[in-house]
Amino acid sequence: KPQLITDDEMLMLCCNKTIRSFNILIRRDVQRRRRFITTSNIPTTQQQGNEELLVVVGGGAAGVYGAIRAKTVAPQLGVVVIEKGKPLSKVKISGGGRCNVTNGHYVEKKVLAENYPRGNKELRGSFFSMHSPVDTMSWFSDHGVPLKTEEDGRVFPLSNSSSSIIDCLMLEAKRSGVSLQTGKVVTSVSTTKNGKFLLKLEKRTVDLVEYVEASYLLIASGSNRQGYTLAMQLGHSIVDPVPSLFTFKIEDRQLAELSGVTFPKVKAKLKLENVGRNIPQFTQVGPMLVTHWGLSGPVILRLSAWGARDLFSANYQGTLLVDFVPDLHIENVKSMLLQHKDQFVKQKVLNSFPLEFGLVKRFWRYVLEHEGLDGETLWASIPKSSLIAVSCLLKQFPFRITGKGQFKDEFVTAGGVPLSEISLKTMESKIHPRLFFAGEVLNVDGITGGFNFQNAWSGGYIAGSGIGQLAASPYEEST
């Protein structure tokens, strides 16, 4: 026979159940908090005694190269690289997976510096003298990576695989004693009373927070806003970053049908309504490629780099004037067309044109249609005025830029920590001692062709040397 429960007994049962549930929640919260805030799991031997610690924010080319150099100069220095994602991820995809290590055609530092839209004046000094493209190539060759220099100056590993560069750097980092920790983000930085850096590290996948004290800090976080935030927390200003190295969108259905057509050499000039001054770098010569959305190729990427800030201000609207026969004077072009007309009077204008132009038939048809000429018309029926118009078009073909594409393999930004706030001889901050910068976190960017990686190698090497020398000094005195 079932037992009846009184109201008082029911109330007591409910209260006991509520208390048990509340206690469980408290225990879980305490466990969560214990897991959330921990001491650093960076090897304690690196933070004990007189040993100093360098923390590198960013596991890219500049960060890893700088870490290796610092550890080489000061073997007793503890060196830890903190990287949110996969180390050297940009190295892996650069150059179509081959890694354009540097450029071997520029030895003289002043000429080399001209390939940097931001930094071309500042980098003419000691920067490349301390670690040049030749030094970079020697370093990788000495560490077991044979390189090759292609006709345009770009330097690649002989294996044609970026894995050769990555494996070399990772092996040397491990051999020298550099600790690499991934999946973590340095979210804030402050300074302690003894002048060290107190870093807050987060690993959000497991709700983990660590606090680390570092004697030296190297920010080499690329264009990631994380690095800009840390720099500002330590008193630095930031030049607002904008995209650089991108393709031009051209809304032209007939041009889009030429996707894949390449031009070995064109002369292209960028004209923007908000830029009245004549900028020499806004005219570039080189290969160009037609894509399904517009125009690409080295000549376009160089223009996008030099015009990055002005293009941003113009909302990526402007005009591109392209000379498709840059080695010929316009009078020569006119003369060639008139001679061709006299020689091929009975041929269709679409099927025949001067070979000296170096054009493909698909593009020649595009030019004719742009001038309203029927390709089936015989050369004998083409008026002289039309040939003059075609000549002018080939020498100055206008394309309306309506936007930008993204150069995914080597996406670069213009902006970052101003070079005026650091010493290029050491890469140390002029605002905060023992704070160093290297790579794209600075307001430095190069055109395509290996120049952005050279900035990373040079900056990382100089910063690592500066940190290593500071760390080695007290050690040498004590011995």
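Going by the conditions given, is S259 open to solvent by 10 Å² or more (accessible area, probe 1.4 Å) and out of contact with any Gly (no Cβ under 7 Å at 6 or more places or on another chain)? Spelling it out, S259 is indeed open to solvent by 10 Å² or more (accessible area, probe 1.4 Å) and out of contact with any Gly (no Cβ under 7 Å at 6 or more places or on another chain). Among the residues making up segment 110-129, those that are free of Cβ contacts under 8 Å to residues at least 24 places away in the same chain and either closer than 18 Å to M427 by Cα or outside the structural domain of L424 (by the TED database) (or both) are A113, N120, K121, R124, S129. Test I388 against the criterion of being in contact with a helix residue (DSSP H, G or I) (Cβ under 8 Å, 6 or more places away or on another chain), surrounded by 13 or more Cβ atoms within 10 Å (Cβ to Cβ) and part of a helix (DSSP H, G or I), and give yes or no. So I388 passes the test.
Just give me the residues in segment 170-183 being surrounded by fewer than 19 Cβ atoms within 10 Å (Cβ to Cβ), touching a residue at least 60 places away in the same chain (Cβ under 8 Å) and not in a strand (DSSP E or B), in sequence order. Across segment 170-183, the qualifying residues are M170, S176, G177, G183. Mind listing whichever residues of segment 448-479 are of a type in the set (A, V, I, L, M) and either modelled with pLDDT under 95 or open to solvent by 40 Å² or more (accessible area, probe 1.4 Å) (or both)? Listed by number, the residues that qualify are L470, A472. Within segment 251-274, residues that are closer than 16 Å to L321 by Cβ sit with their Cβ atoms under 9 Å from residues that are among the acidic types (D, E), at 6+ positions apart or across chains, in these pairs: K265/D327; V266/D323; K267/D323; A268/D323; K269/D323; L270/D310; L272/D310.
The residue that is nearest to M232 (Cα to Cα), among those in segment 405-447 that are modelled with pLDDT under 95 and assigned to a strand (DSSP E or B), is T413. Within the set S132, S141, S162, the sole residue that is free of Cβ contacts under 8 Å to residues at least 40 places away in the same chain, in contact with a Leu (Cβ under 9 Å, 6 or more places away or on another chain) and among the small types (G, A, S) turns out to be S141. Per the conditions (1) open to solvent by less than 10 Å² (accessible area, probe 1.4 Å); (2) closer than 17 Å to G460 by Cβ, the sole criterion not satisfied by A113 is (2).
Going through (1) touching an Asp or Glu at 6+ places or on another chain (Cβ under 6 Å); (2) not in a strand (DSSP E or B) one by one, E273 falls short only on (1). The residues listed here are L303, L328, L311; of these, the one that is more than 24 Å from the chain's Cα centre (by Cα), surrounded by 13 or more Cβ atoms within 10 Å (Cβ to Cβ) and outside any strand (DSSP E or B) is L328. Residue pairs whose Cβ atoms lie under 9 Å apart, separated by 6 or more positions or on different chains, with the first residue in segment 70-94 and at positive phi and the second assigned to a loop (DSSP other than H, G, I, E, B), are L88/G59; L88/G60. Among the candidates E213, E202, the residue that is among the acidic types (D, E), under 27 Å from the mean Cα position of the chain (by Cα), surrounded by fewer than 19 Cβ atoms within 10 Å (Cβ to Cβ) and not in a helix (DSSP H, G or I) is uniquely E202.
Kindly indicate whether any position in segment 248-260 is part of a loop (DSSP other than H, G, I, E, B), in the same structural domain as S420 (by the TED database) and either at pLDDT 95 or above or not hydrophobic (A, V, I, L, M, F, W, C) (or both). No, that holds for no residue. Regarding G66, is this residue in a helix (DSSP H, G or I) and either among the aromatic types (F, W, Y) or touching a Lys or Arg at 6+ places or on another chain (Cβ under 9 Å) (or both)? Taking the combined requirement at face value, the residue does not satisfy it. For segment 347-368, give me each residue that is aromatic (F, W, Y) and either part of a helix (DSSP H, G or I) or at positive phi (or both). Answer for segment 347-368, where residues must be aromatic (F, W, Y) and either part of a helix (DSSP H, G or I) or at positive phi (or both): F357, F363, W364, Y366. The number of residues in segment 137-155 that are open to solvent by less than 30 Å² (accessible area, probe 1.4 Å) and either within 27 Å of P287 (Cα to Cα) or not assigned by the TED database to the domain that holds R98 (or both) comes to 2.
The values are calculated or read from the model by the stated rules, or taken from the named source; none is laboratory data. On a predicted model such as this, the values are computed, not experimentally measured, just so you know. As a convention, Cβ positions derive from the backbone with ideal geometry for all residues, glycine included, and neighbour counts pool all protein chains shown. For the accessible areas, the whole protein counts, side chains as well, though only heavy atoms, and no ligand, DNA or RNA atoms are used. Shrake-Rupley method; radii C 1.70, N 1.55, O 1.52, S 1.80 Å.
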